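The values are calculated or read from the model by the stated rules, or taken from the named source; none is laboratory data. None of these values were measured; they are calculated from a predicted model. Here the Cβ is made from the backbone with ideal geometry for all residues, glycine too, and neighbour counts use every protein chain on show.
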Amino acid sequence: MLSHGKRLRGLDMDKPTPNFVDYETACTEFTWDRARQELSGMAGGRMNIAHEALDRHIDTPTAERTAIRFLPRDSEQVVDISYRELYERAGRFANVLAGLGVGRGERVYALAHRTPDLYAAALGTLRHGCVFTPLFSAFGPEPIRSRIEIGEPSVLVTTERLYRRKVADWIANTPSVRHVLLIGEVDEAPAGTADAGALMDQAEAEYATQAMDPEEPALLHFTSGTTGRPKGALHVHEAVVAHHITGKYALDLHPGDIYWCTADPGWVTGTSYGIIAPLTNGVTLIVDEEEFDAERWYRILQEQAVTVWYTAPTAIRMLMKYGPELARQHDLSALRFLASVGEPLNPEAVHWGREVIGLPFHDNWWQTETGGIMIANYPSMPIRPGSMGRPVPGIEAAVARDTPGGIELIEAPDETGELVLKKGWPSMFRGYLHEEARYRKCFAGDWYRTGDLARRDADGYFWFIGRADDVIKSSGHLIGPFEVESVLMEHPAVAEAGVIGVPDEVAGETVLAFVALRPGDEESETLRKEIMALARKRLGAAVAPRRVEFRSDLPRTRSGKIMRRLLRARELGLPEGDLSTLEGGTQ
Ligand code: ATP
Ligand code: MG
């Protein structure tokens, strides 16, 4: 497969100093105003995310740096696009929108796999002051249609193939969509669509980026739908301040880094950290068109000399399944920093990184609603495997308990409560589309309620317990599925685990574990007993699973997260409802 030409050369920065060396000092010195000054802003206090990602580099040497190195699915020819070229392509796209009479604030959805055109369309949409919404291209017709009905975009950017397969049948019933623009190769544009490439070729590259009020909407992101119907979270242009600074602090991005974010731009991670933060930080983005493939991934890390890699536990667990040999056949020495997000990162995965790749994975925590990383393990801070790390400078996080009137912060360390964040960081969502009451319910006074349970240790590290809805109550104990799953994964035969609570007359609930084995390991009664014995030894009888069941695979969201609620619904014969249908199947 790939032999992607000459290796990219980062700037002369063998092992640059981390962007901050002392956490306490970074927190004391931090203000959001200072963070804002790292960006250029626009006259009169105006802003635009794309201005920070592209325009401000244009009169600097960064303009000639590779912004995107694109690795096509079935060609060995890489495509390099400089910051200047990306800026111009985005300008052409903005001019196309202007020419079609699409106005500021209108919504533009993108449904396309990872190609440079998708990035140009996203940035062109922002330059034109429209609101950008990415949809995951592997969605089936139903999740696409429901999200279009909720968000009522004026424009849908997609490809000819996706349009014919997933959209053409029903698009006439969604009257908000005035234009369908096809990116990539277009054989023959179906009626009602236009070839975006042809329009862009005719359009001017020059475009004056719209100067937006920092509070004007820029992005509408749908949540992953792990717990039910996805919600549309609205973000504003000012969010770029948080994207930039968290990219710099929590991912340790330095100008010239070769950076690979494996999340698809169809998800919030793939936008905040797959488009915006890397470009504001002047790095070279690796964009791979192909889906997960263990060997291809290692080769990309080696051949592209990736320095910073941001991925997810589901991918790491898959790599672990392939065993250490494959990793060791590759030269991964260019890597400097590994990070993970999206689900809890089992300590086993942190150790594996250290042993097999030579570097640990740094877990960080955030949500679609927070727009950017909130809690992280930094390069300059010792990792506590299993912990999400400490709040990003500028973010105040706490653990709280419910009271009749709202919430009360828990000051004592090591107590479990809801993870809450002090309102007011720039990338905080400004609403759930059409769900004002639900949005209001997320706040208690000055605090945003995340819906996740956590505890904070005496040194200020946060530990994820579980989603409030997933926590198991057994004989008076509060059991977080993550803790149990992490122990199960310590067994060498266990590749993945999903833990749920099932009703029990005596205990209230008992713990039931589903485990998927590594290739080569066979289900057996002996193995089941061994796994249960390990769990009892490590967790105690009260917390260990009462039952362990083997599964060849665990149900997941489209973004790869284990759906415990679906496991539970199936086990108890409850209606699966939105959980399994909306995403068009979860396997
Ligand atoms: P929905 O809100 O639609 O049910 P979702 O919560 O999975 O879906 P996202 O916003 O993509 O949608 O995911 C955020 C959630 O993912 C967090 O609230 C948390 O439960 C989980 N998560 C993300 N990162 C981590 C992490 N590092 N450790 C533990 N959990 C994490
Ligand atoms: Mg959520």
**OP:** Only one of these is touching a Gly at 6+ places or on another chain (Cβ under 6 Å) and more than 14 Å from ligand 1 (Cβ to nearest atom): Gln202, Gln210. Name it.
**Re:** Gln210
**OP:** Being closer than 15 Å to Asp22 by Cα and among the aliphatic types (A, V, I, L, M) is the filter here, so list the residues in the range 389-408 that pass it.
**Re:** Val392
Subject >> Which listed residue, of Arg440, Arg518, is farther than 30 Å from Thr246 by Cβ and more than 12 Å from ligand 1 (Cβ to nearest atom) >> reply: Arg518
**OP:** Could you list all residues from the range 297-349 that are among the aromatic types (Phe, Trp, Tyr) and buried (at least 17 other Cβ atoms within 10 Å of the Cβ)?
**Re:** Trp297, Tyr298, Trp309, Tyr310, Phe337
**OP:** Please name all residue pairs, on different chains or six or more residues apart, with Cβ atoms under 6 Å, provided the first residue is in the range 360-376 and is under 12 Å from His221 (Cβ atoms) and assigned by TED's automatic domain parsing to the domain that holds Ala239 and the second residue is within 15 Å of ligand 2 (Cβ to nearest atom) and part of a strand (DSSP E or B).
**Re:** none
Original post:
Out of curiosity, is Asp195 without any contact (Cβ under 8 Å) to a residue 60 or more places away in the chain, assigned by TED's automatic domain parsing to the domain that holds Arg89 and crowded, with 16+ Cβ neighbours inside 10 Å?
Top reply: yes
Original post:
When the range 217-246 is examined, which residues are found to be more than 15 Å from ligand 1 (Cβ to nearest atom) and farther than 13 Å from Pro426 by Cβ?
Top reply: Pro217
Original post:
If we keep just the residues of the range 178-191 that are more than 16 Å from Arg161 (Cβ to Cβ) and in contact (Cβ under 8 Å) with a residue 12 or more places away in the chain, which is surrounded by the fewest Cβ atoms within 10 Å (Cβ to Cβ)?
Top reply: Arg178
**OP:** Keeping to the range 35-50, report how many residues are surrounded by fewer than 24 Cβ atoms within 10 Å (Cβ to Cβ) and more than 10 Å from Val241 (Cβ to Cβ).
**Re:** 6
**OP:** Would you check if there is a residue in the range 284-296 being assigned to a helix (DSSP H, G or I) and closer than 28 Å to Leu234 by Cβ?
**Re:** no
**OP:** Sort through Val350, Val392 and tell me the only one that's within 14 Å of ligand 1 (Cβ to nearest atom), under 30 Å from Ala233 (Cα atoms) and modelled with pLDDT of 95 or more.
**Re:** Val392
**OP:** Looking only at the range 456-492, count how many residues are surrounded by fewer than 21 Cβ atoms within 10 Å (Cβ to Cβ), among the small types (Gly, Ala, Ser) and under 21 Å from Leu409 (Cα atoms).
**Re:** 3
Original post:
Can you find a residue in the range 73-80 that is of a type in the set (A, V, I, L, M, F, W, C), touching a Phe, Trp or Tyr at 6+ places or on another chain (Cβ under 9 Å) and more than 25 Å from Glu303 (Cβ to Cβ)?
Top reply: no
Subject >> Any chance Tyr298 is modelled with pLDDT of 95 or more, away from ligand 1 (no atom under 16 Å from the Cβ) and either of a type in the set (A, V, I, L, M) or touching a Leu at 6+ places or on another chain (Cβ under 9 Å) (or both) >> reply: yes
**OP:** Pairs only if they're at least six apart or on different chains, beta carbon under 7 angstrom, first in the range 143-162 and of a type in the set (Gly, Ala, Ser), second in a loop (DSSP other than H, G, I, E, B); list them, first residue then second.
**Re:** Ser146/Leu582; Gly151/Leu433; Ser154/Val102; Ser154/Glu106; Ser154/Ser176; Ser154/Val177; Ser154/Arg178
Original post:
Does Gly140 fit the bill of being more than 15 Å from Ala67 (Cβ to Cβ), surrounded by fewer than 20 Cβ atoms within 10 Å (Cβ to Cβ), modelled with pLDDT of 95 or more and not acidic (Asp, Glu)?
Top reply: no
**OP:** Could you check, for the range 261-282, whether at least one of its residues is away from ligand 1 (no atom under 12 Å from the Cβ), at positive phi and not charged (D, E, K, R)?
**Re:** yes
**OP:** Could you check Tyr23 against (1) surrounded by 12 or more Cβ atoms within 10 Å (Cβ to Cβ); (2) in contact (Cβ under 8 Å) with a residue 60 or more places away in the chain; (3) of a type outside the set (D, E, K, R); (4) at positive phi and say which number it fails?
**Re:** (4)
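Does Asp264 satisfy being buried (at least 23 other Cβ atoms within 10 Å of the Cβ), out of contact with any Cys (no Cβ under 9 Å at 6 or more places or on another chain) and in a loop (DSSP other than H, G, I, E, B)?
Criteria not met by Asp264.
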